[in-house]
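Chemist: Can you keep this structure in mind? I'll have questions shortly.
What follows draws every value from the coordinates through simple rules; no lab data is involved. All values derive from a computational prediction rather than experimental measurement. Positions of Cβ are generated from backbone atoms using ideal geometry, with glycine treated the same way; all protein chains shown enter the neighbour counts.
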Amino acid sequence: MDVLKVVERYLGQWSAEEIRMLPPAVAPGTFTSGKAVSDYTFNLGRAHAGFQGDAESLARLQEILLFFTQASVRVTQLRLGEGPPGEAVAAPAKPVADEA
């Protein structure tokens, strides 16, 4: 899966110091499947929600969370057979209730 190659290239750009700035629970590992990317994204989101560190570490966490959120979206698009990026995504068949 090309998304996994992009993930590995992205993580290869992070220095050891930058990775140490992330909460220990979300130190990146090796990604062998789209599910692993999605699971990691969930863990990043959970770490972000409870983050209590300094501003620089928060910025790193937000950067990696944004990247992995986008990667997870792409994994889902590919899983659903929605084609290449940039194509219109069909609306869900069932409307989502308004939570407001």
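Chemist: Can you tell me the order of 9-21, 59-71, 39-51 when each peptide is scored by its average per-residue count of other Cβ atoms within 10 angstrom, highest first?
Modeler: Per-residue Cβ counts within 10 Å, averaged per peptide and sorted highest first, yield 59-71, 39-51, 9-21.
Chemist: Could you tell me whether the stretch 1-56 comes out rounded, prolate or oblate from its Cα gyration tensor? Rule is a ≥ b ≥ c as square roots of the eigenvalues, rounded for a/c under 1.5, then prolate if a/b exceeds b/c, otherwise oblate.
Modeler: Oblate, because a/c is 1.5 or more while a/b does not exceed b/c.
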